[in-house]
Each structure stands twice: as C-alpha cells, then as structure tokens.
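> Next up is a structure, given as structure tokens.
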Amino acid sequence: MWIDGVDFDGRLIKALHKQSLNARHEQPLVVFAGAGVSIGPPSNYPDFKGLTLEIAKWSGYEWDSKNEAIDRFLGRLDQNGIKIHQQVAERLSSPVSRPTALHENILKLFGRWDHIRIVTTNFDAHFETAAVTIYGQKPIVFRAPALPLGNDFAGIVCLHGSVRDDPKRLILTDRDFGRTYLTEGWATRFLLSLFGRYTVLFVGYSHDDIVMHYLSRGLPPDKNGLRFALVRADDDLQKWDNLGIKALSFPFEGRDDYIGLDKAFAGFVAHANRGILEIEQRIKTLVEGLPTSLDDEARDFLVDALTDIVSVRFFTHHAKKPEWLAWVSERPLLSPLFSQGDLTEIDQDFMDWIAQNFAVEHPDAVFAVMNRHSKTPHPRFMQGITGRLAYSRDVPDREVISKWIPLLLEFLPFVSHRADQSAFSYILKLALRQGAFAAAVQLLDHLTRPYSILKEAIAFPDENDGRKIEMEIGFCGDYHTLKRVWDKEGKPHLPDLAFLLWPALVQNLNQSFLLSCSWGMATAQWDPLSMHRSAIEPHDQDQFPHSEDLLIDAARDCLEWALENSPEVGQAWIDAAAAMEPLLLRRLAVHGMGVTTHKDGNTKIRWLIDKGFLFIHWMKHEVFQLLKKAYPGADPALRKALLTIIEEGIDARPEKDEEAPIRKAYKKSGFFHWLSQADPDCREVADRLADIRQAHAGIVFEPEAHPDLNYWMSSGGFGHRSPHSVEELLGKRPAEWWKFIVDYRGDPFEGPGRDGLLGTIREAVQQDFAWGQELADLLIEHADPASDLWRNVLHGWWGARLSTAQWKIVLTTMNSEGLTRNHVHDIADLLLMGVEKKEGIPVRLLSLADRVAKQVWAVLANEDGEMEDRDRLGRAIDHPAGKLAEFWLNTLSRGRKKTDPKQGMPKRFRDRFTMIISDGGNAGALGRAVLASQLRFLFSVDEAWTKTHLIPLMDWERDALVARQAWSGWLAAGRPTEPLLTELLPYYRKAFHRLASELREEGERFTEHVTYISLFFMDDPRDNGWLWEFLKATSNEDRIHFASEIGRHLTPMSNEVKKGLWDRWLKSYWQGRNQGIPCLLSNGELCEMVKWVVELEPVFTEAVEGIRNGRVPHFDNTSMFYRLEQEKKDMVKRIPEAVARLLVHLTSDAQMPRYFCHELEPLVDQLISAGAPQRLLEKLCENLAAIGCPNTSNLLNNLGNNLS
C-alpha cells in the first residue's frame, strides 16, 4: 500500500490494523528505533559514526574509519583510559536537543501509552520525554541490562543503555558488545524471544550500521515474513533481504536527508490512527461509487482493508452494488468460498454479504462469480444462499428460485440437505407460490428421497453376539413442515404438479422398499414402512406420522386427482402400482381402485380377486375399504362368489394347533361382519355368520371395534384384542371361565390374543373385587404361583379402591412364599401404592404389609451383582428393592407423629433399614441409594441411628463402592441442612477427589450442593482451603456450572443479602479467580461470572471494576445484554457511567458475535439518554462498529444531538 512515497507491505499494514483496532492478536507490532530517528532537527544528534568522529576529535586519537570498526576504535580508547562512556552521555544530554516529529509519530503509532512497544539502540531519552508530552504519562522504561521478557512486554526498552542511567552501562566498545551479545548474552536472549512473537519494524537504521551487525546475531530465522525496515532508497536492499528483513525504501535528496522518512512515517501513523469510525466512513464513501472510480491509493487502501475482519465488516455493510462483487471476485478474496477447507471470519463475512445482497437481487452476478471460480462451492456458502432464499423478506421471483434450486441440490452435500430441511421446506413453499413448479418437483423429490441410517440395535438379554448394527430409513424432509407446505401450497396446484410429481414419488417409495430389502427387512408381504401406516387415506390411527408419510400423502393426492381429472392416466397408474412389489404401492393401487368413480362395484371386486390381494395381511385396510364401497352395488352372484372365496381361502390355511379352527372362524367372522355393515340387508352374509355361531357354540363372535385394522392405538396404547369383553367375563363366575382363561392363546397378529384377554381380566378384577378374589382363590387352589394370571390380578387390585377388609384379604393373599418369589415386582408396586395413596393400606394393617415386604426382601436378598453406575437412584426406584425401601420410609413417615423424637424411630424400622444397609447384593446397593436420598428425613427422625449407620456409608475410605451408592442417592434427591452439614462436611471434602472418577456422572449435582453450602452455610467457603480444594479437583465444566449456580441463587436474594455476600467473600473470590487462583479461569467460567453483575445491583460499580480488572470474556450466547436493556432500565438510568464502562470492556473483543447488536444498540441509546460520559459512549460506538453493528452511525448522531 503506497503511503507518501513508500510502498508499505500488506503484512505490515495488517499488523498495524490489529494494533490500532485492539483486536485479539498473536503478533502485535514492535518498533526498533535507530540513530536515524534522532538525527534531524530539533534533536540534531549524530548517528553512531558521527558520534565516533566527535569522540576521536575530542580525544586527539586518529581513527581510520575504513580499516577500523567503530566498536574496536572506541574499545581502544577505553583501554587507554579515555572516559568515552561519560563523554557520550554528556554529548547526548544536550539541553537544547528535543524530540523530533519522528519520535512523536512513532509513539503515536501505538494509540495508548500502555500499548507502546519500542526497542531503541539510541542512548538519548527523547522517547521518554515525548511520551509524557503526548500521553501525559511516561511508559515503563527498561534500561540494559535489566530487560523484560522479550515475548511479553510493553514500554520502552533501551537495549544499549540510556543517558539517564549509569554511563558505564552504555554499549559502545567491542568488549561492551561482546558481553551484551556473546559472553553474557542478555540482549540476544531478549531478541530471540521478541522476534519469535512480534511483527517488527526497523526505523532509522542502515544495513551497514555497526548496531545492525550485532542485532543480526539475535535474529532467528523469520518463517512468517514479519520483519520490515524503513530505509533510504540508496541502501543495499539485498543485504537487508539476506538478514531476513523486508526493506521498505523512502526517497531522499542528501546524505543526512531523512525528510522522506519523516513524511512517510507520518502518513503511516495517520493511517494507523484513523479511528474505526473514520475507516468506516472512508470505506462507505468509496463504495458509494463504482470500482472504476478508484485511484491507486484508494484501491490499495481497500485491498489492504479487506484483509482485516473489522474493515471487511464495514465494506460488506456498505457495498451493495453488484459491481463491487465483481471487483472482489477478481481478487483471491473469495477463493476460500470455493474450497472445502475451514473458513475464516473474513470468509464468512464475504459469504453472508453475497447471500444477503446479491443472491436474490442480482443472482446473475453470483452465477458469474461461481463460473469464474469453476469449482465446487463451500457447503456453508451454499447454505447461506439457502437461508437467504428461504427467509428473506424480499421474496425471490419465479425465475430466480427456478435457477437456484437445481444449483443448491447439486452443490450442497447430502448431509447438508438433512441439516437444512427447514430452509428447503420454506423454499419449496416459495417455489409453489411463485409457480416454479418444475423446480418445486425437483426439491420435493429430494426432500422425500430415502437414505440409509446405521444405528445400534436394541440388545436382548439372550443375545451374546456383541453389538448388532441395523439400518433404518431416513428422509431429508421433516413430515410436519412438508405436510403443511403440501396441504396449503401443493394440493391447490395439483393440475400443474401431478403428472410431474407422480414418477418421482413412485421412485422414492420403490427406493425405500429396496433399501429395506437390502438389509433383509422387507419382503413383498411385509415391510416396516407399510406397517407404520394404518391407512392410505387420512386416519385417526396415523396421528404420529413418519417422514415417509408425506410420500404416501402426496402420491395419494396425485392419484386421486388423476382418477378424477384424467381417468385413463389414473387407471394406468393403478395398474402399474398394482404390479410392483412394494406393499405401499400396491396399497395405493387398491386405494385408488376403491375411490375411483369410473369403475362399478363388480369391476372393483373382480379386480381385487384377480390381483390376489384379498388375503394379504398388510393390505387389509385398503381391501376392506374397497369392499365396503363396492359390495353393496355388486351383483348377487358375484357377492356369493366373493363370500365363497373368503371361506375357502381361510379354510385352506394350514392348522398348526387345536385353536386354529377358532382363529379361522374369527377371521371369517371379521370379513362377514364388515360386509354386513356395508350392506345390512344382505341375507347371504347373515346366513354365513349364523353358520359360524352354530359351529362354535359358546363363543361370542361380536363385531370388532376396528375390523379393518391389524392393530390400533387407544389412550392406553396398542389395542390388543380380547375374545371377550369385561362385561362378558363378569357375567360368569371365574370357575366357569377357568379352563378357557388358562388355556387360551389366540393369535396376537391376526385375531384376538392372550394379551388382550389378560388385559380384560385385569379390568374385571379392578371393577369387581369379589370376582377377582374368587379368581385368586382358584389360582391358589391350583397351586400355580407363576401363572401370568396372577400379575393381572395384582395389577387389578393396584388400580382398585380397596376397603379395610379388602386390603386385609389382598395382604393375606400376598403373604405367600410362592407368590412373592414369582411376583416381586408386582407385589412391591402394590405395597408402595398402598402407603402412598390417601385411601391406601389402613394403619392397623401396616404390620401385615410389613411381613409381606420382609418376605419379598428375602427373595431379593439372593440377587447377586451390582447395578450400573448411571442414575442409581432412578434405577433403584424402578426396582423392587428400591420400592420396598420407599415402602418402609413412607410407612415410617405416616407414623411419625406418634414417634417420640427422643426415642428415635421404632425398632422395626431400625431393623429394616439396617437389613438394607448390611445387604451385600444388588438389592442392598439399590436400597442404600434410596435411604441416602432420604438422609435428611432420617436424620430428623433418628439422629443417633443415622449418625451411626447411614452417614458413615458416605466415607470413601471405609468402602468406596458403598460410598458410591450412598452419594448417588444423596446427590440425586437430598438437600443439605445446617445440623446435617456438621456431620457431612468432612465427607464432602473427601469426595472432592472422587469427582474425576467415581462421581463423574454426579459432578453437576455435586457442584450444586457445593454452591448451596458455600452461599448459605459458610461465612467464607475459602476458609481452610475448602472451596479452593473443590475447584482444583473438579472439571472445567463443573466450575462453569458452579459459577452459573451462584448466578441462579443471586437472583432471588435481597439487596442486603447480596451486599453482605459480596463484602464477605464474593468480591475477593472474584479477584482470586481473575488471577488464576487456585486454577486457570476458563472463558466459559468467566462468562458465567460476568453474568452475576446483572444481579449485583447493590455493588454494581464495584462488580464492574472487578470485571474490568480481568480479561475480556468471549460470549457465544448470553441473556445479560437483553436483561440490561429490558429488565434493568432503571439501573441504567441511575448509574449510566458504570454500565457504560462495563459495556466498553465487554465489547472490546471485535470477535463478539454480531447478533448481540440487537440488544447492545438500544442499550447504548438508553445510555445516551441517561447522560453517560461522552468519551465512554464514543468508545462504545467504536467497539460496536468493530463488531459490525449496523446502526453505529445513527447512535453517534443521537449522541451528537443529545450533546447539542
């Protein structure tokens, strides 16, 4: 970039931008200042050679400058006793010498006194003097040999000493230089670390300076090209290049002419100190014109600006003309958008710029860019285009959307189609609205195209073949979104869509079938997609649709439209679908034949018989629906033939067991009942039904609720069909049903089954206790405790409201070893329900219930093994052992009013709980988790027993496995209290060191306990290192959660409590965390801590200062700005300066996401109205501009208007 006669390298300009914009960066700028800086007026000091000549003249020694190096000559004088160090100090301390403009400009380059990084080999103190003049404060000055860390410093480094220090420390002679760079090497070490990090600019040096000879020894190889030197045009540029330094030459006229350097550097500084808003204004002015109007300097300015994210944001915000897109595309700026690598922030900004400004308004300009690069666009670039088309307020017209859809489908990878399904659905809606039907069909085809998903299959206990992988079918589109689009936008345009869309829908349905077949999941008689769909037409049973249902709905709608408007085409589609293997296509064909009005009933029935569809199980619904419509209008002869075919077809099936004839009768009955409902006056059907009843006397063949469905769902789940209703069962005594209900199996797939019968028995037991009691007596009489009837008897009792007498019968019945051994789950459920419900087990029967519970525990005590680690309490409360523990706890709670606190709990409960604690099996592990979850309750009931038996379980040193069980229960449901904490705190401390291992899964809940204890039970949780020890032991995720929990608890606190907490320990805690005590403060934890400030209104100003004393957090998401803007308006008005200081600090990270601008901009407006200091508001506006907030100019105008 040309600035006042010097072509400044773009890499140096980029480093300058980073320096001036205060962005996060790894390589800020360091200026090396040589003698040339102090040569001109009003400094008028000589360079090193001129100084040596003066010393030679003063000392009376002759110096042959061609044959004797400066340092050797000065060394010879020093060895001869000439006090050259003192003489140099005096000569360079002239009271009339003052800093030059170049001194001042070098200092101005850094913008702030505490950002200065200058290394000078000059001995004078002009930089120190000029810094005070410019900034009103002197920066830190380091004078050799007391140098800072080379890779981490700010200030002025006098590398070779200073006249303001002991003259003996000036580096003049060969011995001085040898000690500095070789024997002691402190300068070399400093330079090695400095050059390894910073971008360096040398000013005021020549390649043949003796100083450069020594400095070059500290130069490591430059791999990044980040060293530059401003040199006279007559200097040997190649020698600079040999040193690994890029020479930037400035013009000159005479030997000591450095005017060109002064002028160029002044321009360089002016460029650097151009404020963010000035940069934005210049960019805005330039892009309001056309690229052809740029002169060389303006073009260079823009090219350099577009290497910095903040300037790129200004450019993309203001450049709206398509000519600027063409101008940018002529440079390599857009190349990353046509690669498959990672994108930088700049790349993403260009990507958004193109999508938002040109994809719809100037699509041909974008197509030209894509053609220029002739490579596959980056997926995110195409996703940006997708979002713009889908969600823009400016609706793309038909031509635009028609052109974009094929490109999106071609260039976006398949995985993106799935991720962008919502956007694609919106684009589909727009395409249909705009009449882009061909493009809409392509997109709908894509959204309904199936693909394979691999997943781990559910493992059953008897499978020992390791992890089994299975395939399921997925679709790019979401059913609910696509369904809304199809119903509202697609169906009204069926005349334009049906012929185009039908082949694609059939192909996708066929492809779904082929994918299933490839994994052995489907045949011509069954496939999973067909099973999920109860009916082709809309049906109540399909209330939980899958993605493939849109395929079926759209295909049905297309077919029905064709049958009505183009019957010959529709019939051709039916015939083609009927000949294909996929069940869904054949079901569509049957549905179409059923609904067409161009075929009579005879034709439909003959077609159904000829195709062989009558008895295909998974086509039943469509077959029945066709018969329902066709049968009433069919000829009598065809009716009779149909009924005969049904009978003969069912009778021809092989009989596998003695119940087969009954099942066949049920199946025929189902057909005939259905046809009877279709035509109630048909005598032929009535006669066939009468024949079935006569052949199977004693069995009721009532019409089924859903005879056309293989299964149905009701509010209770899947509807398993029962051979008899509850009323029928209750109409006879259980003894009369005994043989039937014991032996009956039925057919769970095609007819009534045993599961349906058992469910009906359960309802009968629940409705009629006497009937259930008689059935239980029969089971006892026949000594069959393992019968599946028992479970339904117990479940029936569980759902019934039982009287005291009935509870006694139930408990007496359950008090049987055989029954408890076979039905531990069901008995435990019934016992727990009995003490949880208000109308449960009467108090006087609790001792009997206790005996039953104890007997069940005896069965569980024989179980071996340890439960899984995850969610122990959750597993425990679903297991009989956990339910029994809950039973005893609830029983104790019910009788607690009668318990003497001094006496503790009754011995019976002590015995039961001790039994659980001492059990070494799985039941004990589960029971201990439940007891530990109720530690607080047990401690309040019997403190002595709890201290002796339960609390010690939490001691890791006693038994780590048992402690794991106890902590799992306690952390899942327990809440500490002050008396209890006295006992538990030592165990918490021991548990800290288990957070990375045994308590890893409970880390979040453990952290919540620690937070609660720290805030409400301790004056200062850092005392004795308690809190510090926790923070060191836990993970970063848990430390983040700890900070989040503090913020949550601060919200409901009173202002008085908040201030007391802040003064007591929270303020100093924050200071310690800022300093990395006791461990590194991560960005996530810092973000959560910063959120506290919104709740710390009583100490807001102090809290803000605490935040400003730390580093700037990087927020990905936070509600803090929204809360300040919406919920804390009064605070903003009351203390605007503190709020402004907070926001200046938080927005000084230019990487802050731009979506925060929605809250930040109105918040700044509030601060302007509230009278926040102008300097803070201006800085805040600059920060917002750097972030990319679009309304910064308006805010500045508001600020100006408010001041005026």
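The values are calculated or read from the model by the stated rules, or taken from the named source; none is laboratory data. Keep in mind that what you see is a predicted model, and the values were worked out from it rather than measured. All Cβ positions, even for glycine, are placed from backbone atoms using ideal geometry, and neighbour counts span all protein chains on display.
> Could you please find all residues in region 1079-1099 being closer than 19 Å to PRO1021 by Cβ, crowded, with 16+ Cβ neighbours inside 10 Å and of a type outside the set (Val, Ile, Thr)?
LEU1081, GLU1085, GLU1088, MET1089, TRP1092, GLU1095, LEU1096
Conditions (1) of a type in the set (Ser, Thr, Tyr); (2) touching a Pro at 6+ places or on another chain (Cβ under 9 Å); (3) surrounded by 14 or more Cβ atoms within 10 Å (Cβ to Cβ); (4) in the same structural domain as THR121 (by TED's automatic domain parsing), marked per residue:
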residue	(1), (2), (3), (4)
THR52	yes, yes, yes, yes
ALA56	no, no, yes, yes
GLU62	no, no, no, yes
ILE70	no, no, yes, yes
LEU77	no, no, yes, yes
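> For region 173-194, check the following and say yes or no: at least one residue is in contact (Cβ under 8 Å) with a residue 40 or more places away in the chain, in contact with a Phe, Trp or Tyr (Cβ under 6 Å, 6 or more places away or on another chain) and assigned to a loop (DSSP other than H, G, I, E, B).
Within region 173-194, not a single residue is in contact (Cβ under 8 Å) with a residue 40 or more places away in the chain, in contact with a Phe, Trp or Tyr (Cβ under 6 Å, 6 or more places away or on another chain) and assigned to a loop (DSSP other than H, G, I, E, B).
> Quick check: is even one residue across region 560-570 free of Cβ contacts under 8 Å to residues at least 60 places away in the same chain, touching a Leu at 6+ places or on another chain (Cβ under 8 Å) and of a type outside the set (A, V, I, L, M, F, W, C)?
yes
> Within region 1095-1114, is even one residue under 18 Å from GLU1161 (Cα atoms) and outside any helix (DSSP H, G or I)?
no
> From LEU778, LEU789, grab the single residue that is outside the structural domain of LEU831 (by TED's automatic domain parsing), under 53 Å from the mean Cα position of the chain (by Cα) and more than 24 Å from HIS673 (Cβ to Cβ).
Answer to the check: LEU789.
> Surrounded by fewer than 22 Cβ atoms within 10 Å (Cβ to Cβ) and either on the phi > 0 side of the Ramachandran plot or at pLDDT 95 or above (or both): which single residue out of PHE127, PHE142 fits that description?
PHE142
> Also, I was wondering about something else. Looking at region 525-536, which of the residues that are at pLDDT below 90 and not in a helix (DSSP H, G or I) is nearest to the chain's Cα centre (by Cα)?
My answer is ASP527.
> Could you please tell me which pairs satisfy a Cβ distance under 8 Å, a separation of 6+ or placement on different chains, a first residue in region 88-116 that is free of Cβ contacts under 8 Å to residues at least 60 places away in the same chain and over 19 Å from ASP262 (Cα atoms), and a second residue that is assigned to a helix (DSSP H, G or I) and of a type in the set (D, E, K, R)?
Short answer, once both residue conditions are applied: ARG91/GLU54.
> For region 545-558, how many residues meet the condition of being in contact (Cβ under 8 Å) with a residue 60 or more places away in the chain and farther than 15 Å from GLY474 by Cα?
So the answer is 4.
> While we're here: Out of all the residues in region 413-469, which are out of contact with any Lys or Arg (no Cβ under 8 Å at 6 or more places or on another chain), in a loop (DSSP other than H, G, I, E, B) and modelled with pLDDT of 90 or more?
THR448, ARG449
> A further question on this structure: Being within 28 Å of THR316 (Cα to Cα), touching a residue at least 12 places away in the same chain (Cβ under 8 Å), surrounded by 18 or more Cβ atoms within 10 Å (Cβ to Cβ) and in contact with a helix residue (DSSP H, G or I) (Cβ under 6 Å, 6 or more places away or on another chain): is that true of LEU443 here?
Against the criterion (within 28 Å of THR316 (Cα to Cα), touching a residue at least 12 places away in the same chain (Cβ under 8 Å), surrounded by 18 or more Cβ atoms within 10 Å (Cβ to Cβ) and in contact with a helix residue (DSSP H, G or I) (Cβ under 6 Å, 6 or more places away or on another chain)), LEU443 does not qualify.
> Identify the residue in region 169-205 that is over 19 Å from LEU230 (Cα atoms) and among the polar types (S, T, N, Q) and, among all such residues, is surrounded by the fewest Cβ atoms within 10 Å (Cβ to Cβ).
My answer is THR183.
> Any residue that is buried (at least 18 other Cβ atoms within 10 Å of the Cβ), touching a Pro at 6+ places or on another chain (Cβ under 6 Å) and without any contact (Cβ under 8 Å) to a residue 40 or more places away in the chain - is there at least one of those in region 415-425?
yes
> A follow-up question, please. Could you grab me the full set of residues in region 968-987 that are surrounded by fewer than 19 Cβ atoms within 10 Å (Cβ to Cβ) and among the hydroxyl-bearing types (Ser, Thr, Tyr)?
THR977, THR982
> Kindly evaluate LEU412 against the criterion of being in contact (Cβ under 8 Å) with a residue 12 or more places away in the chain, in contact with a helix residue (DSSP H, G or I) (Cβ under 6 Å, 6 or more places away or on another chain), farther than 19 Å from PHE338 by Cβ and crowded, with 21+ Cβ neighbours inside 10 Å.
Spelling it out, it is not the case that LEU412 is in contact (Cβ under 8 Å) with a residue 12 or more places away in the chain, in contact with a helix residue (DSSP H, G or I) (Cβ under 6 Å, 6 or more places away or on another chain), farther than 19 Å from PHE338 by Cβ and crowded, with 21+ Cβ neighbours inside 10 Å.
> Name every residue in region 1100-1109 that is without any contact (Cβ under 8 Å) to a residue 40 or more places away in the chain and surrounded by fewer than 18 Cβ atoms within 10 Å (Cβ to Cβ), in order of residue number.
THR1101, GLU1105, ARG1108, ASN1109
> Separate question: Of a type in the set (Asp, Glu) and either assigned by TED's automatic domain parsing to the domain that holds GLU1085 or in a helix (DSSP H, G or I) (or both): does that describe GLU957?
So GLU957 fails the test.
> Scan region 795-848 for residues that are farther than 12 Å from THR891 by Cα and among the polar types (S, T, N, Q) and jot them down.
SER803, THR804, GLN806, THR812, THR813, ASN815, SER816, THR820, ASN822, listed by residue number.
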